[in-house]
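Contents: one structure, followed by commentary.
The values are calculated or read from the model by the stated rules, or taken from the named source; none is laboratory data. Please read all numbers here as calculations on a predicted model, not as lab measurements. Glycine gets a Cβ as well: all are built from the backbone with ideal geometry, and neighbour counts include every protein chain shown.
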Amino acid sequence: MSITDDAPAATAAASGASATARFHADKSPYDAVRDTPKERVSLLAREVLEAIHDTIRKHHVTYDEYNALKAWMIDVGETGEWPLFLDVWVEHVVEEVANASRVGSKGTIEGPYYVPDAPEQGADGTLPMRDGEPGTQLLWSGTVSSTDGTPLADAKVELWQADADGFYSQFAPGLPEWNLRGTFTAGQDGAFRIRTIQPAPYQIPTDGACGRLIAAAGWHAWRPAHLHVKVSAPGHQLLTAQLYFPGDPHNDDDIATAVKPELMLNPQPQPDGSAAVEYGFVLDPA
Ligand SMILES: [Fe+2]
């Protein structure tokens, strides 16, 4: 029996609305591009529109299909699923371009479920979780260093993850506010140790507009199991990544196209049934 059987069902509308509200609350996306020249705005908008025009011509898109698209895009907005849509189908290429010149650890997409200021757990601690939190226990140790090998004392490792049912706190109902979300601060040697549980693979919400696209196109909605991290240290570039588990059936066809071989963990089964894993991070100087 699942620990969350008594909880209200997670819905796309609920998690979509949460993701949209979170995005509005924590970012100032317009401010960051206030000085973008008109020429660049025009170039990007024109080329995106031309790509749409080319697709319509190439495939003889009909008025019925155009109107269905219009209705669907309205639905995406009304259910708050634009963060989900963009982070699943677009962000991975933005990340690829943004981080192409890094020489330190590989990153990948952030996705829609990050929440800043998760509780501090020190250099050696346990991710906040419920009593009896289901899932294989995982002991993760690693170090944070700079590209020249210097350990980065006091580096921050923010970790957030789904539970064994594939749900994120603050986006699915019935979970404690900071369940499976925490901030770890490396010691003077750059080392950290984190106790958590292995997350489950999950489907992105299928009951909303994104789910309707997936069903209509005959796609699947699965993401492989993963741990989300943001790793930061003064004077260094922020690293946003996800770490994956070998053998997951969706490592090769992640709906969000976010898996990279460098992000694969190598957990070792322990006699007590838990797993231990070592994985560290190398940050590029800012
Ligand atoms: Fe995730």
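Filter region 169-192 for residues that are closer than 22 Å to residue 116 by Cα, outside any strand (DSSP E or B) and touching a strand residue (DSSP E or B) at 6+ places or on another chain (Cβ under 7 Å) and give the result. Answer for region 169-192, where residues must be closer than 22 Å to residue 116 by Cα, outside any strand (DSSP E or B) and touching a strand residue (DSSP E or B) at 6+ places or on another chain (Cβ under 7 Å): 169, 180, 186, 190. Looking only at residues in region 135-153 that are assigned to a loop (DSSP other than H, G, I, E, B) and surrounded by 18 or more Cβ atoms within 10 Å (Cβ to Cβ), the one that is nearest to the ligand (Cβ to nearest atom) is 135. Only one of the numbered conditions (1) part of a loop (DSSP other than H, G, I, E, B); (2) touching a strand residue (DSSP E or B) at 6+ places or on another chain (Cβ under 9 Å); (3) under 24 Å from residue 79 (Cβ atoms) is violated by residue 257, and that is (2). Taken over region 179-229, the criterion of being out of contact with any His (no Cβ under 7 Å at 6 or more places or on another chain), within 16 Å of the ligand (Cβ to nearest atom) and hydrophobic (A, V, I, L, M, F, W, C) is satisfied by 180, 197, 200, 204, 210, 221, 225, 227, 229. Considering each residue of region 238-259, count those that are surrounded by 17 or more Cβ atoms within 10 Å (Cβ to Cβ) and away from the ligand (no atom under 15 Å from the Cβ), and give that number. Number of matching residues: 1.
Checking residue 156 against (1) closer than 18 Å to residue 242 by Cβ; (2) surrounded by 18 or more Cβ atoms within 10 Å (Cβ to Cβ); (3) within 16 Å of the ligand (Cβ to nearest atom), which single condition isn't satisfied? Residue 156 satisfies every listed condition except (3). Are any of the residues in region 25-32 assigned to a helix (DSSP H, G or I), charged (D, E, K, R), exposed (fewer than 10 other Cβ atoms within 10 Å of the Cβ) and at pLDDT below 95? Scanning region 25-32 turns up at least one residue that is assigned to a helix (DSSP H, G or I), charged (D, E, K, R), exposed (fewer than 10 other Cβ atoms within 10 Å of the Cβ) and at pLDDT below 95. Across region 172-186, the number of residues qualifying as buried (at least 21 other Cβ atoms within 10 Å of the Cβ) and over 21 Å from residue 121 (Cβ atoms) comes to 1.
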